2 protein chains.
Amino acid sequence: MSEINIGLVGAGTIGGGVVKILQKQGDFFRHKLGLPLRLARIADLNTKLFAGLPVGDAICSAGADDILADPTIQIVIELVGGTTFAKKLVLAALAAGKHVVTANKALLAEHGPEIFETAERNGVSVYFEASVGGGMPAIKTIREAMVANDIRSVRTIINGTCNYILTKMQNDTLPFEEALRQAQQAGFAEADPTLDVGGGDTGHKVAILASLLFGGYVTYNALPIEGITSISAEDIAYARELGYRIKLLGIIKADEGSSALDVRVHPAMLPVQHILASVSNEYNAVLLEGDAVGQILLYGKGAGEMPTASAVVSDLVDIGRNIVNKAPRRIPMDYYHHNRAITLKPLAAINSRYYLRFTVVDKPKVLALIAAVLGDNAISIASVVQREMHAQDRVPVIIITHPACEADLQHAIARIEGMDFITSKTQIIRIEE
Amino acid sequence: MSEINIGLVGAGTIGGGVVKILQKQGDFFRHKLGLPLRLARIADLNTKLFAGLPVGDAICSAGADDILADPTIQIVIELVGGTTFAKKLVLAALAAGKHVVTANKALLAEHGPEIFETAERNGVSVYFEASVGGGMPAIKTIREAMVANDIRSVRTIINGTCNYILTKMQNDTLPFEEALRQAQQAGFAEADPTLDVGGGDTGHKVAILASLLFGGYVTYNALPIEGITSISAEDIAYARELGYRIKLLGIIKADEGSSALDVRVHPAMLPVQHILASVSNEYNAVLLEGDAVGQILLYGKGAGEMPTASAVVSDLVDIGRNIVNKAPRRIPMDYYHHNRAITLKPLAAINSRYYLRFTVVDKPKVLALIAAVLGDNAISIASVVQREMHAQDRVPVIIITHPACEADLQHAIARIEGMDFITSKTQIIRIEE
């Protein structure tokens, strides 16, 4: 063996970054590995992309068939996105005995077991550092650096679009729609932002992390996921007044003494001094808690051309080291099995403190009625904000609760919303300490 | 091969943590590696320690000779500290063809080339994640996750003792001596705190990081190192007033267009919104900047029994994976060579903004005289704080400069300190943006 040949499928933003790094750091990798990491073939339907990249002597084509058919290609990089063609491509590459590097979170979250089992069967590996948190080494830290730990919880701000929007709403006192528009202008939100602001992208990443952490498949479609579209400027302002910040969190918690895993995605209020509260703009962070190491935070850019390409290339070097050392399966792909499905804790069973924003008609006894229903459901009140309103007859009543069971809370809210003084849907935001 | 045998030398705090993790996670590691990581022998001069630990069937002894002589031992963990016996032990273990895991930053910083060259010659490896930042995966992140990057700068708060003391001084308005006393009571400072508060421990860690990053030996003894003992409650208070926090920083910067590396340790003022300014108490952080990935921050506990043991055991698993896969030198130890000494940039050549606290006799024209000398030396003033003092005739004059050359600054200060209105040594703190 005189070189490690790589086939890249997808020469868009991230693929372009990968081509640039392989060109720039080629000598360094050759020194480290003892032989070159050679970009042998590149495929992209948009063949105009090749002209703008330092593709060297790589053979460029519109289709990926040549890459799959070339027996000298040992690693395939999948950067096409989506879950249809990408799935076929990845499975075919693995079946052909090629290692795969992918940044495709949707693919792994929705089809993980099939992919990892195919890799195992064929004695090859799937590396996916870039699928969660871009350039932050979340996968490597969990799988290698924290291997001595039972990881008890993960809390993560892992969608740059949502974090940028929420930061804008807070700093510039903007409504959601205007903050989204500015995020789109700044290149931090897609034209169709649904997967980001709806929480689905965070859900994909959290499903991957939970599967990795707990050695079984956490089904993306079963996760409770709430996005940020219902967060109002009013909520942001009250959060600030009460000493909190609102962030979209991905949460994974393993309860002591329970086999069910608490995995969820929703906006959460964090106390302002919480380390995650200071993660702003497009930055991401992953807060991991291990039984030995305590808390570790990783912070960085979770998306974008070069950060994501940096993660893809670190995977290439890892696989390259394995190939050179004839240890192609140094880290087995044996987590993530169909037959080890994880039981998810129902959202109704969680305990949390809550921020509740009721919108009521300003008339006597409203607060007493709300408090009574909460009390009947074993929910005690930590603080209340209600102010005189002069301009309109609809008044916000803000209540922060002590820890309560979600089922009790939902039951109480349903009862309160049946009362005639409620004029709009009640806002419920969980508080994370 | 049916097991990987480990010899542990040093069963104190961290060694005890390692024993506990190997016992607790034994089944998990056996599953991951396909064979057990077996603690075969433990040595400690204090043989009373063994009784309190889950040593299993490990053979315990006062001396380490049996570990070195046992041909079945494949990995030696050095946790004795110091640089005399530890150096002999590590070199002997490597010469005997055993891999070494160590948490000993002083040893690597002061004798790195000899150790890594011995490892290379004998085809074995030295793993040292625990030597820098305890449980934070700084070494792994630099060496593996950021392999696609030219790392341009590292700024790190890497000594928990100093950070605890500075946090106490700031939050509780304490003088240095009292904050040190409280740190000692809380177990965050040694009885002899010299190596911590003098900056030497930070220097050891920075020397290791710089050597690792730039593929040559950065000589610890050549580093400019200043500790925190001269930081006064007054400096802390002015820093806060001016929107800064004072932290002990380890700094590594590679200038574009210069082969000299800027490596130093000193207290620095950080703007309050800087991500490192929010790292408080005993926590550590490493802020890495790569050309592809941008900024990555690692944050966690840099010391203590279980965090450090977690890092030691992650190294054991890494080496175990290499042994199982017959790839004992998967990541070569070929950085850190005698023959690639790094040129250090002289402190006099750096550019920085400065906080200057002059102590002067309150008489006319003092500020004009100071400003004139600064101006003569190409140092321009960004802001000044001077207040009326009623209780005494010695007055502090605080000046924040625009960026200036350190040589010019030192020259100006020497001239100003020769003037008769100066009553005490001038405090100089560099500002890091």
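A few remarks follow.
- For segment B:361-425, applying the loop criterion from DSSP together with a ceiling of 16 other beta carbons within 10 Å to the trypsin sites (Lys or Arg not before Pro) yields B:365, B:387, B:425.
- Total formal charge among the other residues, if their Cβ is under 13 angstrom from that of residue A:238, Lys/Arg +1 and Asp/Glu -1: +1
- Taking the protein heavy atoms of segment A:44-165 in the context of the full set of protein chains, the accessible area attributed to carbon and sulfur is 53 percent at 1.4 Å.
- 5 angstrom amide H check on residue A:61, placed H, neighbours 5+ away: A:42, A:43, A:44
- For residue B:388, inter-copy label distances in nm, listed shortest first [label point 7 Å out on the Cα-Cβ vector]: 4.1
- Helix-derived mean residue ellipticity, 222 nm - over the protein assembly as shown, DSSP H n ≥ 4, -39500 (n - 2.57), to 500: -10500 deg cm²/dmol
- Carbon/sulfur fraction of accessible area - segment B:276-366, other protein chains in place, 1.4 Å, %: 52 percent
- Nearest-10 value in Å² for the accessible area of residue B:60, using the 1.4 Å probe: 50 Å²
- Helix B:160-172 axis, angle to chain B major axis (alpha carbon atoms, nearest 10°): 40 degrees
- The spacing between segment B:117-170 and segment B:236-275, judged by their C-alpha centroids, is 18 Å.
- FRET efficiency, residue A:291 to residue A:181 (Cβ-Cβ, R0 60 Å, nearest 0.05): 0.85
- Per residue accessible area in Å² of segment B:36-87, where ligands, DNA and RNA are left out and the probe is 1.4 Å: 49 Å²
- For residue B:245, residues with placed amide H under 5 Å, excluding near neighbours: B:270, B:272
- Overall shape: oblate for segment A:11-96, with the ratio a/c of the largest to smallest alpha carbon gyration tensor axis at 1.5 or above and b/c at least equal to a/b.
- Vicinal HN-Hα couplings computed from phi for segment B:24-37 (Karplus, 6.51 cos²θ - 1.76 cosθ + 1.60; Hz; Gly/Pro x): 5, 9, x, 5, 4, 5, 4, 5, 5, 9, x, 7, x, 8
- Relative contact order (%) - chain B, alpha-carbon pairs under 8 angstrom, separation at least six: 16 percent
- Sparse-neighbour loop sites [GluC sites (Glu not before Pro); segment A:232-336; at most 12 other C-beta within 10 Å; DSSP]: A:256
- Nearest-0.05 FRET efficiency for residue A:45 and residue B:272, computed from C-beta distance (R0 60 Å): 0.75
- For residue A:150, residues with placed amide H under 5 Å, excluding near neighbours: A:291, A:292
- A simple count of charges around residue B:222, restricted to other residues whose Cβ falls under 12 Å of its Cβ and scoring Lys, Arg +1 and Asp, Glu -1, yields +1.
- Cross-link pairs exceeding 28 Å in C-alpha to C-alpha distance, out of B:20/B:301; B:98/B:247; A:48/A:326; B:87/B:168, comprise B:98/B:247; A:48/A:326; B:87/B:168.
- Using θ = phi - 60° and Karplus 6.51 cos²θ - 1.76 cosθ + 1.60, couplings along segment A:355-365 (whole Hz; Gly, Pro as x): 9, 10, 10, 8, 10, 10, 6, 6, 9, x, 6
- From phi via Karplus (6.51, -1.76, 1.60), per-residue ³J(HN,Hα) for segment A:52-60 in Hz, x at Gly/Pro: x, 10, x, 7, x, 9, 5, 7, 9
- When accessible surface is computed with a 1.4 Å probe, chains A and B are found to bury approximately 4200 Å² between them, both chains counted.
- Inter-copy label distances for residue A:369: 7.8 nm (label point placed 7 Å from Cα along Cα→Cβ; shortest first).
The values are calculated or read from the model by the stated rules, or taken from the named source; none is laboratory data. These figures come from a predicted structure and were not determined experimentally. No Cβ is skipped: glycine too gets one built from the backbone with ideal geometry, and neighbour counts run over all protein chains shown. Protein only, heavy atoms only, side chains kept; ligands, DNA and RNA dropped before computing areas. Shrake-Rupley method; radii C 1.70, N 1.55, O 1.52, S 1.80 Å.
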